[in-house]
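Peer 1: Quick one: this structure, given as structure tokens, is what I'll be asking you about.
The values are calculated or read from the model by the stated rules, or taken from the named source; none is laboratory data. Everything quoted here is computed from the prediction, not taken from an experiment. Backbone-built Cβ (ideal geometry, glycine too); neighbour counts: all protein chains shown. For accessibility, only protein heavy atoms count, side chains too; no ligands or nucleic acids. Shrake-Rupley method; radii C 1.70, N 1.55, O 1.52, S 1.80 Å.
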Amino acid sequence: MMQHLKISFIGIACWWVLLLPFDYSLFDWIFKAVQKPFIGLLMGMDSELIFETDTYGTYVLIALSLLLGVFSSPIVHWICSKWKLHPTELLKTVLAAILFFFLFKYGWDKIIKVQFYMPEPNTLFTPFGKLSKDIAYWSLVGSSYPYTVSLGIIEVITALLLLFKRTQFLASLLAIVIFTQVVLINFSFDISVKLLSGSLLLFSIVYSLCFTQNWSGLFGFGAERIRYNNTLRHRIIRFIFAGLIIAESIFPSLVSGNLNDDKYPRLAHHGAYRVYGNPEVKHLFIHRQHYIILQSKNDVFTDYRIDTHVPHQYTANQRNIICDWRENQVIIGNDTFRIEKIPFNKLPILQESFHTFSDEFH
């Protein structure tokens, strides 16, 4: 019975990673080719389905992976028999590969601050009570470079520990801790990565449970000495696979040259500006993704796509807004207002500070 469950779980895990909507850099075309017929079938039933993180469409795809995984059990069983593979070892290999990718990928993204990036000026000037919980959490974590990078280093180290048989059990325990924290954060702050993080936590637990001898030894029960069969062939295959995953993870940052997103160049006039003389607008922001954002006196934010081809003048054609940087003014409709740049980088939340003693706070 247990062997049948393991074989079914191998199929489920394989179909899960194949059908999960996720943006890859080097191998995206492979996964999109596998997903295309299934997405086409589902879109034929409901053309309004969206296949992004935590959408109804994604949940349907993952549910489909469960069915396909169970139906693929005979194929997995045949592979195990053909190649003389033990289901437990094959399950460990599949789960380790999945965990390695997501731990290294998200760990690397934290190290270079692509994940938990520095909050944008419009976020920094939004009253705290008006921020959603997910934006507030991301902004707070993104404001601390050491904390974000430390999280990334822990995840990358855990991923690397998965490569060596002697440290795989330790890696499984660390993965459980990491993904438990991620699940708690995602559910508590309503961050839309619940399905992915929950799946990875489940995979971590199942992966850890495959190390029965280690668990027996951990709780003081008698256990046979573990022998690690690690042939040269297996090591070569493992490290080639790890190399491909590492390349997939770091390739975008190497191409863009972005190894620290906090320092990565923004638009020339990126930042926050105070607007003078306008009875409705108090702040103007230039967002790194080529948006101009107006903040009203009542803290209502309105964004417009801007054209930045003319260096000294940004324009938003949707509302006839022109920012003239040579004159430090903004034209909104038929009215012209003076603007002044605010040094948002000097805000307290963006300052790295450390106090051994708290006397100054009392």
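Peer 1: Which percent of the accessible heavy-atom area of the chain goes to carbon and sulfur, probe 1.4 angstrom? Can you show the working numbers first?
Peer 2: Details: 13250 of 20820 Å².
It is 64 percent, rounded to a whole number.
Peer 1: What does the charge count near residue 13 come to, summing +1 for each Lys or Arg and -1 for each Asp or Glu among other residues with Cβ under 13 Å from its Cβ? Intermediate values should be presented prior to the final figure.
Peer 2: Numbers: positive: 6, 92; negative: none.
Charge balance in the 13 Å sphere: +2.
Peer 1: Let me know the whole percent of all Cα-Cα pairs from the range 59-158 that are separated by more than 16 Å.
Peer 2: Summing the P(r) of the range 59-158 above 16 Å gives 71 percent of all pairs.
Peer 1: Can you work out ³J(HN,Hα) from phi for every residue in the range 332-339, in order, using Karplus 6.51 cos²θ - 1.76 cosθ + 1.60 and θ = phi - 60°, giving whole Hz and x for Gly and Pro?
Peer 2: 10, x, 9, 10, 10, 9, 7, 10
Peer 1: Counting Lys and Arg as +1 and Asp and Glu as -1, each charge on the Cβ, what is the dipole of the range 58-180 about the Cα centre in debye, to the nearest 20?
Peer 2: Dipole size: approximately 320 debye.
Peer 1: Compute, for the range 224-362, the length of the dipole vector about the Cα centre, with Cβ point charges of +1 (Lys, Arg) and -1 (Asp, Glu) only. Units Debye, rounded to 20.
Peer 2: With Lys and Arg at +1 and Asp and Glu at -1, about 700 debye.
Peer 1: On the first, second and third principal axes, largest extent first, how far apart are the outermost C-alpha atoms of the range 258-347 in Å?
Peer 2: Computed over the Cα atoms, the extents are 42, 30, 22 Å.
Peer 1: DSSP H helices in the chain with Cα extent of 15 Å or more along the helix axis and mean Kyte-Doolittle hydropathy at least 0.5?
Peer 2: Span-like helices, by this rule, are 2-19, 28-45, 56-71, 87-111, 145-161, 168-188, 194-209, 232-256.
Peer 1: Please name which of 159, 264, 86 has its Cα lying farthest along the dipole of the chain towards the positive end, using unit charges on Cβ (Lys, Arg +1; Asp, Glu -1) and the Cα centre as origin.
Peer 2: 86
Peer 1: Modelled label-to-label distance, residue 235 and residue 247, 7 Å Cα→beta-carbon offset: nm?
Peer 2: Taking the two extended label points, one gets 2.2 nm.
Peer 1: Just subtract the alpha-carbon distance of residue 334 and residue 318 from 0.36 nm times their residue separation and send over the number in nm, one decimal.
Peer 2: Result for the pair: 4.3 nm of gain on full extension.
Peer 1: For Rg/Rh (Cα atoms, Kirkwood Rh), the listed values are (1) 1.09; (2) 0.93; (3) 1.06; which was obtained by calculation from the structure presented?
Peer 2: Label of the calculated value: (3).
Peer 1: Still on this model: Counting only GluC sites (Glu not before Pro) that sit in a DSSP loop (anything but H, G, I, E, B) with at most 13 other Cβ atoms within 10 Å, what is the longest stretch of the chain containing none of them?
Peer 2: On the way: sites that count: 48, 52, 224, 280, 327, 352.
Between exposed loop sites, the widest span is 53-223.
Peer 1: Residue by residue, what Karplus-based ³J(HN,Hα) values in Hz, rounded to whole numbers, does the range 295-302 have, using 6.51, -1.76 and 1.60 with θ = phi - 60° and x for Gly and Pro?
Peer 2: 10, 7, 4, 8, 6, 9, 9, 10
Peer 1: How far apart, in nm, are the 7 Å Cα→Cβ label points at residue 153 and residue 218?
Peer 2: 2.5
Peer 1: Charges only on Cβ, +1 for Lys and Arg, -1 for Asp and Glu: so what's the dipole of the chain about the Cα centre, in debye to the nearest 20? Walk me through the numbers before you get to the answer.
Peer 2: Working: 31 positive and 27 negative charges, 278 e Å.
For this selection, approximately 1340 debye.
Peer 1: Measuring with a 1.4 Å probe in the full set of protein chains, what accessible area per residue, in whole Å², belongs to the chain?
Peer 2: 58
Peer 1: Taking 0.36 nm per intervening residue step and subtracting the Cα-Cα distance, what contour gain separates residue 163 from residue 27 on full extension?
Peer 2: 46.8 nm is the gain from fully extending residue 163 to residue 27.
Peer 1: In nm, to one decimal, how far is the residue 267 label point from the residue 52 one, both placed 7 Å along Cα→Cβ?
Peer 2: Distance between label points: 2.0 nm.
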